[in-house]
Amino acid sequence: MPDAPTRNLTEDEIEAYQRDGVVCVRGIFPEAWIQRMAAAVDRVVEQPSLLGRAVSIKDEAFSGDLFLWKVDDDFRDFVYASPASLIAAQLLRSKVVRHFYDQLFVKPAGCHVPTPWHHDVTFWPVDLDSRNLCSMWIPFDPVDRASSGLEFVRGSHHWQRRFKAVTPNYDPYMSDSEFEDAPDIDAHRDDYDLFCPDMEPGDVLLFDAHVVHGSSANYSTERRRRALASRWCDDTIVFNARHATMPLLWDHGLKDGDRLSGALFPRVLPSPIPTEGARRAEGPELPDPAYVQKVMSAIAERMANRVPNHHA
Ligand SMILES: O=C(O)CCC(=O)C(=O)O
């Protein structure tokens, strides 16, 4: 079984997540895991993965990375042995919990890179109405709005709107969709119920795939801001590889309409499925260069043949 969190979620916290699309849960992550993963994050920033090199903005010292659990054993252990899956099970009120993926967002002091306002569901190769899919945002440094604390529009998960997937590096492929631009929330801050809690290591933000959120540049000249987004779901999420969704560099074998499952989206609770975890248990699983080439060629072809839509 994974390690226990320092405490259970309260009913009030679960209700706040359902009502607002986000809840800040104080002091739930054990210090030993925070320390271990903070060291792992520092290592990965120095030695990014293939995906990390693609999404980071070197000139601005912004480091991102994804699917680290596939290639790094600390991140793999985080999936299977940290309290994250147990917290997700409580939040989603589900006995079955699958790991979706992990993502790193590191902004050193003075890093000029904001994370544009967005919601996550349009980034992901899943049905747009997927509900039981959550993120756990885990900071490794004390953080406030000035040091790029994550900020949310409370209640926006109920909006029934779909926004373009705009990444911190404004990747043209990801935002090449028919969806509308996210509203200019910063220009009308008084019109929204904004939520950006100050946080300490051990606190986590739990949020819905549809809630609108973003973060500013890191305006602090002294404090870095390292955070891991750990994403989890139940067994109901349907795969749908729409255009302009996050490329998957491992051969997952899923077709549109399948439930998320298999070695890329493994079950963790109530227990791992041996066949799903067998390959990763042998050691780090780097993407197969031939498969990566296939994925990248498909993207290049789609971009070359794309018909600009009315938003472009
Ligand atoms: O940490 C950030 O700036 C962005 C995090 C985020 O957007 C996410 O985890 O979905």
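Quick look at the values:
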read-out: Matching residues in segment 215-253 - criterion: being in a loop (DSSP other than H, G, I, E, B) and more than 30 Å from Tyr291 (Cβ to Cβ); value: Ser216, Ala217, Asn218, Tyr219, Ser220, Thr221, Glu222, Arg223, Arg224
read-out: Residue in segment 258-268 that is modelled with pLDDT under 95, among the charged types (D, E, K, R) and either within 30 Å of Asp3 (Cα to Cα) or surrounded by 10 or more Cβ atoms within 10 Å (Cβ to Cβ) (or both) present; value: no
read-out: Of all residues in segment 98-128 being among the β-branched types (Val, Ile, Thr) and within 16 Å of the chain's Cα centre (by Cα), the one that is surrounded by the fewest Cβ atoms within 10 Å (Cβ to Cβ); value: Thr115
read-out: Matching entry among Ala54, Ala16, Ala38, Ala4 (being part of a loop (DSSP other than H, G, I, E, B) and on the phi < 0 side of the Ramachandran plot); value: Ala4
read-out: All positions within segment 278-310 that are free of Cβ contacts under 8 Å to residues at least 40 places away in the same chain and part of a helix (DSSP H, G or I); value: Ala278, Arg279, Ala281, Pro289, Ala290, Gln293, Lys294, Ser297, Ala298, Ala300, Glu301, Ala304
read-out: Scope segment 59-87; condition part of a loop (DSSP other than H, G, I, E, B) and of a type in the set (Phe, Trp, Tyr); matching residues; value: Phe67
read-out: Cross-chain or 6+ apart pairs with Cβ under 6 Å, segment 31-50 first and under 11 Å from Arg226 (Cβ atoms), then open to solvent by 40 Å² or more (accessible area, probe 1.4 Å); value: Ile34/Pro201
read-out: Residue satisfying all of: in segment 131-163; away from the ligand (no atom under 14 Å from the Cβ) and either within 18 Å of the chain's Cα centre (by Cα) or among the basic types (Lys, Arg) (or both); surrounded by the most Cβ atoms within 10 Å (Cβ to Cβ) among these; value: Asn132
read-out: Residues satisfying the stated conditions in segment 164-176, i.e. within 16 Å of the chain's Cα centre (by Cα) and open to solvent by 50 Å² or more (accessible area, probe 1.4 Å); value: Asn169
read-out: Subset tally (residues that are of a type in the set (A, V, I, L, M, F, W, C) and surrounded by fewer than 18 Cβ atoms within 10 Å (Cβ to Cβ)) for segment 193-216; value: 1
read-out: Single match in Val126, Val212, Val153 (criterion: aliphatic (A, V, I, L, M) and more than 23 Å from His99 (Cα to Cα)); value: Val153
read-out: Filtered residues of segment 95-130 (kept if in a helix (DSSP H, G or I) and away from the ligand (no atom under 15 Å from the Cβ)); value: none
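The values are calculated or read from the model by the stated rules, or taken from the named source; none is laboratory data. Worth saying up front: this structure is predicted, and the values here are computed from it rather than measured. So basically every Cβ, Gly included, is an ideal-geometry build from the backbone, and we count neighbours across all protein chains shown. Only protein heavy atoms, including side chains, enter the accessible area calculation; ligands, DNA and RNA are left aside. Shrake-Rupley method; radii C 1.70, N 1.55, O 1.52, S 1.80 Å.
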